[in-house]
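The values are calculated or read from the model by the stated rules, or taken from the named source; none is laboratory data. Note that the structure is predicted; figures quoted are calculated from it, not measured. Because the Cβ atoms are built from the backbone with ideal geometry, glycine has one as well, and the counts that use them run over all protein chains shown.
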Amino acid sequence: MFKSINKSIALTKTTIKVISKDKKLFIFPILSGICSIIFFFVMIFPFFLSEIAKQIVGDTASQVLFYIALFLLYLGMAFITTFFNVCVVYIVKSRLDGGSAKATEAISSAFSRIHLIFAWSIIAATVGIIMDIIDQIAENQEAIGKLIINWINSVIGATWGIITIFVVPAMVYNNLGPLGAIKKSVQVLRKTWGESVIRYVGIGVVQMISIILAFLVGIVLFFIGAMSGNAIIFFLTLLISIMLVVGVIVFFGLVTSVFNTAIYHYADRGEVPESFDEQTIRSVIQ
């Protein structure tokens, strides 16, 4: 177990070095965040309409409108996230091949795959809606039934997250549609993880520690600002605290994307990616 975690940590360090060579990668999660926030506020209106409909046409029709709005929210969020993840993977792929793609090339690449991204977003949104419906069913059950259904839903969500981890690299490397990308993701998953998911705990451990530290620093800054009695200092420390935690989350989101792309690169091509140690990365492949 500890040997597997050490291997993952070693790969994480190399992954961070790759990111340091392509700082433009940070552009995409920032753009993704901005677009997601804008889209979320735009989608407040349809949810508001569903509440108005509840007073006019009754609960059933209102609930249908609510789930339509929820599906559109999931669809839009999935599309935005996937679009910019494709950009990240494209630039990482170029770096692993020994090149250095521009941000504009990555965006152009994402637009050329927009039909694949949209199709995948529909599937992701549908899964999200199904899980929400299951949650709703659980809420109407007794304690034991609620516990069982929630557990089943958690298993479904975890399984879905695992089997789709390489979907975006499959789109970029192989131009696969959503179903083909899921199939390819499962194939790569079997080849790289086998029965030992613990190999990937390394990134999770480092990320968790970093987020906790950022959160603790944020709390200290918050109290310093609150005790200062100065409104400007308070808001500045609050802003820095939020940016610190968000920054850590964004950074490790990039680390995960680069890490997964490097593993996919080796599993798909049989080539050790540029900048990665051959012995270390081969040890991850079963």
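A few comments on the model shown:
- Close Cβ contacts (under 6 Å, 6 or more residues apart or on different chains) running from residues in region 171-182 that are within 13 Å of Ile122 (Cβ to Cβ) to residues that are surrounded by fewer than 20 Cβ atoms within 10 Å (Cβ to Cβ) and not polar (S, T, N, Q) comprise Gly177/Ala119; Pro178/Ala119; Pro178/Ile123.
- Qualifying residues in region 101-127 (those that are aromatic (Phe, Trp, Tyr) and either over 16 Å from the mean Cα position of the chain (by Cα) or surrounded by fewer than 16 Cβ atoms within 10 Å (Cβ to Cβ) (or both)) - the one nearest to Phe28 (Cα to Cα): Phe111
- In the set Val88, Val155, only one residue is among the aliphatic types (A, V, I, L, M), under 24 Å from Tyr266 (Cα atoms) and either over 16 Å from the mean Cα position of the chain (by Cα) or part of a helix (DSSP H, G or I) (or both); that residue is Val88.
- Taken over region 15-36, the criterion of being touching a residue at least 12 places away in the same chain (Cβ under 8 Å) and among the polar types (S, T, N, Q) is satisfied by Thr15, Ser32, Ser36.
- Hits in region 89-120 - residues which are hydroxyl-bearing (Ser, Thr, Tyr) and within 23 Å of Thr15 (Cβ to Cβ): Tyr90, Ser94, Ser100, Ser109
So that you can scan it fast, the table gives a plain yes or no per residue for (1) farther than 30 Å from Val86 by Cα; (2) among the charged types (D, E, K, R); (3) buried (at least 17 other Cβ atoms within 10 Å of the Cβ):
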| residue | (1), (2), (3) |
| --- | --- |
| Ala226 | yes, no, no |
| Leu236 | yes, no, no |
| Leu239 | no, no, no |
| Met243 | no, no, no |
| Gly247 | no, no, no |
| Val258 | no, no, yes |
| Ala262 | no, no, yes |
| Tyr266 | no, no, yes |
| Glu271 | no, yes, no |
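- Matching entry among Ser50, Ser94 (being over 17 Å from the mean Cα position of the chain (by Cα), farther than 30 Å from Pro273 by Cβ, modelled with pLDDT under 90 and surrounded by 13 or more Cβ atoms within 10 Å (Cβ to Cβ)): Ser50
- Residue ID - modelled with the lowest pLDDT, chosen from residues in region 174-209 that are surrounded by 17 or more Cβ atoms within 10 Å (Cβ to Cβ) and among the hydroxyl-bearing types (Ser, Thr, Tyr): Tyr200
- Taken together, Ser94, Ser62, Ser108 contain a single residue that is in contact with a Ser or Thr (Cβ under 6 Å, 6 or more places away or on another chain), in a helix (DSSP H, G or I) and not aliphatic (A, V, I, L, M), which is Ser62.
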